[in-house]
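What follows is one structure encoded as structure tokens, with my remarks underneath.
Quick note: the coordinates plus some simple rules give every number you see, no bench work behind them. Quick caveat: nothing in here was measured; it's all calculated off a predicted structure. Counting neighbours? That spans all protein chains shown, and the Cβs are built from the backbone with ideal geometry, glycine included.
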Amino acid sequence: MSSTTLPRRDAPLSNELRAVHEHYRGLLRTRRLYTVLGGLGLLVALGASLWFADSSNAGEFFDRLPYFFDFFIHFQPDEPMEIVRALFDLPSPFADGSFKYDYEVGRVYLSGDLYLPEYFYQMLVTINIAVISTLIGLVFAFALSFFAASNVTGSRAVRFAARRFFEVLRAFPEIVIAGMLVAILSIGPIGAIVAVSVHTIGALGKLFYEVVENADTRPDEGLRSLGANWLERVRYGFVPQVLPNFVSYALLRMEINVRASTIIGAVGGGGIGEVFRLSIGRDHAAKTYAIILLLFVTIIGIDWISGALRKRLVGQSAFQFGG
Amino acid sequence: MSTLAMSAHDAAGLRARHPQVFHRPLRQRLMAPLAALVTFAYLVFCFFFFDVPAVINNAQWDRASIYLADWYSWEATPRFRFKDDGVDLEWTRSLLGDKPNPDWIEKTGPQSYVSRFDGPDNSIEISPDSVVAIVGGTRYAIPVMAEGAALPAGAPASMSLKGGRVTVDYGFAGSAEVRNTQVYVRHRFFGWPNFFFDPRSSFFGMDAGQVWQAVTVGERFNPDMPNIKLMALDFLYNAEWQHLDVYDKLLQTIVMAFVGTLFAALLAFPLSFIAARNISANRAGNWFMKRAFDLLRSVDMLIWALFFVRGFGPGPIPGIAAIFFTDTGTLGKTNTEALENVDDRQREGVKSVGASPAVVHRYGVVPQVMPVFLSQALYFWESNTRSATIIGAVGAGGIGLKLIEAMRTNQDWENVAYMVLLILIVVFIFDNISSAIRSRLIGSGGH
């Protein structure tokens, strides 16, 4: 098209061009067909799913919708200050001896009159569960990920075993591990720690070995040419390269683990999740809103700290998700 | 690295040329040991914070082995009761049907029985006037008196006496507890009991060939329906395994993840265009939308779930709503970031031929971000299939609730194992589907 006049739209095409044109049209048709078919399939699946979900729910969606707003309207503290009192374990003017207003009871005394409010203490338990699980997960995933990476481990069988191991740990339902340990150790955070750690090993292991596989192999080649053994190759050829990414993923995982240990807490792992489930189950509005406030601030704070740390470690590529 | 031959001169030269490698500042050199020290101190703190020694001491480890064994094995529990005139064989909560007649219990006389654990060398003989435990081929007569049983002379380590009861441990095969009123035998077998048909079913106790025969040529057990239908119903409504209910709950969990993620992806798509700085010029709109995403994301999925459970009642709807709310926030945030990183040249190209803003977005922006959007949505679908299990446990329905119920009884660990197996299969299938679609999307380079 070097000439200034463009060919008209219906200008006859040469045979070769027509063949290309036909082929292009054909491709376009197939793609449209697939798009339409995929969309239809999705719609049918969605319709069936919605019908199924609605019919197997205890209350049907549209029947329950008005009550949902009822719940919100009724679920209010006596006055806004009650939320603050519940949060800091201050005595309530509404106290009538019931569990609803027994804010002071949960105080954890550190020394003399100095106390930690109950929900702050429980939040601390949950954060500690998350941190220690991340540490455990980091250590094991670090050690095992090299056995799953194709550029470090030559044996197909070892790699296969390591990868399937990570997969099973990732997919194994956390509540089962927690529930099993609660049955043995009685209710407490140890079950939650083990459950979250197991999942973390699987999730971090997968991310780690992908990082190792994407590492630059030139340092490794250099070391190999000098006759370094396997351990030396990993230590000096890979670890310095992958460590920032590893730590970044671990921090990301810690954010996720704070949420995970909250949920696990609600099913018997202790910590803030458990007190939250109890307070909403007993209709204690002030306590519930106090916990939501605390959780909200904590999660945002942790996300922010870990985000800033990750940005320092690996720069702008920091924002990625891990399952 | 002993093979590396280097003269002292060369080495000194290297050191001089790369001081940053050989003489790192003190701060950097101390970094690793310091991190290790802090981590260690933290571990010690946690050890006492969570009171690990007390928890370990108070743990019921004997239960652990029983619970674990229940995952893959089951127990038959006959009781041999001493009556005035002899011994009665009784079955409690029998998994073997109404009138079990297993080949490991033999009636050796009018009032005497032998119960065998893997062979005649490990068995127990019960008759009105004597109880003889045979452990590893050696016979031990256990004296049973009115006030309780006593240990025989030279009893092996596998026999123990507690509160007038002698327990003979036969390892995995089970145990026998001798009391003054009865001998309680627990015989453990490998596998899941009555997985296909419960004892009330007409097909109970048949092997595969017999079932096939009954279904194809056999006479009808129930005149109202063909045997094949009866078989399907007996299987699905198996009282111990509740297959139909388990599949139903599993489907609920899958539906929760699917619908929740789909709705979230559909809503996050338009909202992220509002939130992206380079797409819509309204600063207040950008800011408001981004904070809305943060709010949805940071109020945890658990909180949404518990709220919606209170509102809608237990079932998959609160689960869908919880996933929908959380993931609208998360997908909105990732979508916005993808949008803010688009290549401007394509938009300018479309704009330069005089296209309207809608067309600019359709052909200049969407083709670039669509693969990222879809692959994020698929990723969350995959991960929500896992988290829907946990959400279910707090009341949002699905397999999670069923798992929690099965675990609460502390007896149905084989059902827990069954459900875990099903969950693992489902998660693997969905992982593979999602990663296959994702690799195709990324591989095709975004249309």
I'd like to compare A:34-44, B:177-187: which one has the highest average count of other Cβ atoms within 10 Å, and what's the full order after that? B:177-187, A:34-44
Among B:339-345, B:271-277, what's the highest-first ranking by average C-beta atoms within 10 angstrom per residue? B:271-277, B:339-345
How far apart, in nm, are the 7 Å Cα→Cβ label points at B:Arg220 and A:Phe61? 4.2
What is the sum of charges, Lys and Arg at +1 and Asp and Glu at -1, for the other residues whose Cβ falls under 14 Å from the Cβ of B:Met256? -1
Going by C-beta contacts inside 10 Å, put B:Ile317, B:Ile425 in order with the fewest on the left. B:Ile425, B:Ile317
Ranked output for segments A:193-200, A:138-145, A:77-84, B:330-337 by mean other Cβ atoms within 10 Å, highest leading, reads A:193-200, B:330-337, A:138-145, A:77-84
Please check: in the Gaussian network model of chain B (C-alpha springs, under 10 Å), which one of B:Ala153, B:Ala322, B:Ala214 has the largest mean-square fluctuation. B:Ala153
Let me know the number of lysine pairs in the protein assembly as shown closer than 21 Å at the Cα, not counting same-chain pairs under 8 apart. 8
Taking every other residue with Cβ under 12 Å from the Cβ of B:Gly332 and scoring Lys and Arg +1, Asp and Glu -1, one gets +1
Any idea what the relative contact order of chain A is, in percent, if you count C-alpha pairs under 8 Å spaced at least 6 apart? 19
Which values, in whole Å and largest first, are the semi-axes of the equivalent ellipsoid of the protein assembly as shown obtained as the square root of 5 times each eigenvalue of the Cα gyration tensor? 54, 36, 33
Gyration tensor on Cα atoms of chain A, a ≥ b ≥ c root eigenvalues, a/c under 1.5 rounded, else prolate if a/b beats b/c, else oblate, says oblate
For the pair B:Leu266 and B:Tyr247, the simple spin-label estimate (label points 7 Å beyond Cα toward Cβ) gives in nm 2.8
Max mean-square fluctuation residue, GNM over chain A, Cα-Cα springs under 10 Å, options A:Leu231, A:Leu17, A:Leu252: A:Leu17
Please compute the contact order of the stretch B:61-180 in relative form: average sequence separation of alpha-carbon pairs under 8 Å and at least six residues apart, divided by the residue count, as a percent. 13
GNM result for chain A, Cα springs below 10 Å: residue of A:Ile264, A:Ile280, A:Ile129 fluctuating most strongly: A:Ile280
With a Förster radius of 41 Å, plug the Cβ-Cβ distance of A:His74 and B:Asp62 into 1/(1 + (r/R0)^6) and report the FRET value to the nearest 0.05. 0.30
Net charge near A:Pro189, counting Lys/Arg +1 and Asp/Glu -1 over other residues with Cβ under 12 Å of its Cβ? -2
Can you pull the one-decimal nm distance between simple spin-label points at B:Thr92 and B:Phe48, each 7 Å off the Cα toward Cβ? 4.6
Please give the average number of partner chain Cβ atoms lying within 10 Å of the Cβ of each residue in A:183-193, rounded to a whole number. 5
Qualifying chymotrypsin sites (Phe, Trp or Tyr not before Pro) for the stretch A:193-268 [loop in DSSP, other Cβ within 10 Å: at most 16]: none
Euclidean distance of C-alpha centroids, the stretch A:50-109 and the stretch A:161-210, integer Å: 32
